[in-house]
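Worksheet: one structure, shown below.
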Amino acid sequence: MRFSVGKKIGLGFTLIVLLLLVIFGITLSVLKGAEKTLQTSINNNKEYIEVGQPTVDELIDLKFNLNNALKFVQHVTFNQTKSDDFERVELNRLLKKKIPKNLARLDSLQKHWNGSELGRNRELLTALKENVKIATESYYNSIGNVLRGYEDYDQEMNVLSARTFYDVEVYPEFENSISKVEELLEIKNMDLENQKKQGSASFEKTNHRFSLLYWGILIAGIVLIIGTIIIATFTTISITKPVQELKTFLIALGKGIIPEKHISPSNDEIGEMAIAMNQLVDGLERTATFANEVGKSNFTYPYEPLSEKDKLGHALLVMRDELAESERVLEQKVIERTKEVVRQKEEIEHQSEKLEELYSDITASIRYAKRLQDSILPQRQYIDSVLPESFVLFKPKDIVSGDFYWFYEIDNKVIFAAVDCTGHGVPGAFMSLIGANSLNRIVIENGETKPSVILDELNRLSSEALNKSTEGNEVRDGMDVAICTLDKETYELEYAGANNPLYVVRGNEVIQIKADKFAIASFPPYEMRYTNHTLKLEKGDGVYVFSDGYADQFGGERGKKFMYKKFRNLLVEIKDLPVQQQRKILNQKFEEWRGIYEQVDDVLVIGVKIV
């Protein structure tokens, strides 16, 4: 009868499992005791942190506040003070906010109190709240409402009455309150000290438990190591060496290396595995030779499977026949595909030339459209002549823009507008031409200066230009506009807006004039009317109108919008700088925010400084 590998391994594992069970029993016993001690320590520590220490801190703060309140009451009673003096204001804050907050916090904590004299503690807290209530009411009834202001001290009866009440009622109640706080504080400090001692005792006990666990595991580990060494030595001699030889063969086979020598088989299951491994190596040598010959297109090389059930051998024979057929078909396909690729290459080159020519034509047309659009924008020299203290920040998203700005002076009044047409690029540019021409007709030809009327007329002309009144021919295009008329003599500013607001920066404040929430050309003419706003400007004011492109730009570390709040804060920061410096900073901040992100819309900001 053979002593098989299974019996050898079973004996070794049985001995190791017995040793592990002994170690596990010792560890479990010590851990249970340590867990109980540790949980007690955790509960004590939680009580100390969440109830005990906060109670003491709150009592100390309450005592401090009561002492301060008594000091301020004494000051108000015996010193002539005004109603807004610091002592009165601070006393009211203590009596109405801080001291009630201390009591409310203590009332919440007392639900979790335990320890010595628990009933006495809660009685003291109840009495303390009553004393504070009486002291507070006594102060307001007899002092605060009698000596309400500086002139009340001129009436001797008021002063005498207040000081009498102070000595008889107010002072004793405050002293009683402080005394009860001190008594409570003494008791709670003793409780905290006891909790600290209990925590220290639990900690020492836990340390002792873990010390026992340490030595128990150490001794058991030494025994386990010695036993394992003995078992491993026996196993290595009888099992590991033959298995190691098999492992070496398998690793070599896994790397594609066929061993040169065979394994000497032993008289057990591992020996049977060694015989099978030797047969596998022989079969792989024959298979490798056959595969090499097939790889060289030698499809007539002889090969016989190991048996009728040798799936790999039969699969190799099928693969040889299929590869021979595939090679023939592939050669034919290569010839056909080569001809097709040459033809397609010539076609692609021809189409590429057409696309380049078309792109050049379109780009040239758009650049000519930009020159046309630039012709409708006021020149910088004209803007400087009518509004010297002004700037325009204009950043189109594409070559041409859907945003445009408009300036004109008539009768010593300067009319300026920031217009945002639907879309950007070529569609927006077409809309901007309609808007600029309409403004020229309304203001220059017809002499209109009132912003709300200008917007009403702009809505009518834009709707007519877009055929919005014709059934079945409606276009969903329009404009957002902020338009202002500035009287250069009176500094009176008139404003009307279609979706775009007006910002006036005065000091550190931004005055926002909201726009009407309906766009130009979004409704039939005169069905709704735009609102006219009038504002008296002051020297140093900064006036700003703009499109939504600046605030809607994505950027920053998280790729979010710039937003209007941040835009308003930036305007407040720069409003005292020269106008061209303002424009430079606005442009710099925009580019820093945008960073690696694409510009999402046309950007237009007009600023005017009143000097």
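The values are calculated or read from the model by the stated rules, or taken from the named source; none is laboratory data. Everything numeric here is computed off the predicted structure, so don't read it as measured data. When we count neighbours, we look across all protein chains shown, and the Cβ atoms used for this are built from the backbone with ideal geometry, even at glycine.
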| query | If the Cβ limit is 6 Å and pairs must be 6+ apart or interchain, which residue in segment 54-78 that is over 25 Å from residue 164 (Cα atoms) pairs with which residue that is among the basic types (Lys, Arg) and surrounded by fewer than 18 Cβ atoms within 10 Å (Cβ to Cβ)? | reply | 58/105
| query | Of these, 401, 390, 432, which one is of a type in the set (S, T, N, Q) and at pLDDT 95 or above? | reply | 390
| What tally of residues in segment 376-420 results from selecting those that are assigned to a strand (DSSP E or B) and touching a Cys at 6+ places or on another chain (Cβ under 8 Å)? | 5
| Close pairs from segment 220-231: first under 22 Å from residue 28 (Cα atoms) and assigned to a helix (DSSP H, G or I), partner at pLDDT below 80 and not β-branched (Val, Ile, Thr), Cβ under 6 Å, at least 6 apart | 224/19; 227/19
| Residues within segment 111-135 that are under 27 Å from residue 71 (Cβ atoms) and among the small types (Gly, Ala, Ser), tallied | 2
| Selected residue [farther than 18 Å from residue 67 by Cα, among the small types (Gly, Ala, Ser) and in contact (Cβ under 8 Å) with a residue 12 or more places away in the chain] from 83, 138, 108 | 83
| If you go through segment 150-193, how many residues are among the polar types (S, T, N, Q) and either within 29 Å of residue 58 (Cβ to Cβ) or buried (at least 17 other Cβ atoms within 10 Å of the Cβ) (or both)? | 4
| Test result for residue 237, among the hydrophobic types (A, V, I, L, M, F, W, C), modelled with pLDDT of 75 or more, in a helix (DSSP H, G or I) and loosely packed, with under 13 Cβ neighbours inside 10 Å | no
| Taking segment 500-524 on its own, how many of its residues are outside any strand (DSSP E or B), closer than 20 Å to residue 449 by Cβ and in contact (Cβ under 8 Å) with a residue 40 or more places away in the chain? | 1
| field | Hey, residue 330 surrounded by 10 or more Cβ atoms within 10 Å (Cβ to Cβ), in contact (Cβ under 8 Å) with a residue 12 or more places away in the chain and out of contact with any helix residue (DSSP H, G or I) (no Cβ under 7 Å at 6 or more places or on another chain) or not | value | no
| field | Top-ranked residue in segment 80-134 [being assigned to a helix (DSSP H, G or I) and small (Gly, Ala, Ser); ranked as farthest from residue 144 (Cα to Cα)] | value | 119
| task | Look through 550, 564, 530, 544 and report the one residue that is surrounded by 15 or more Cβ atoms within 10 Å (Cβ to Cβ) and without any contact (Cβ under 8 Å) to a residue 40 or more places away in the chain. | result | 564
| field | Filter result (surrounded by 19 or more Cβ atoms within 10 Å (Cβ to Cβ) and either under 13 Å from residue 135 (Cα atoms) or in contact with a Lys or Arg (Cβ under 6 Å, 6 or more places away or on another chain) (or both)) within segment 82-97 | value | 91, 94, 95
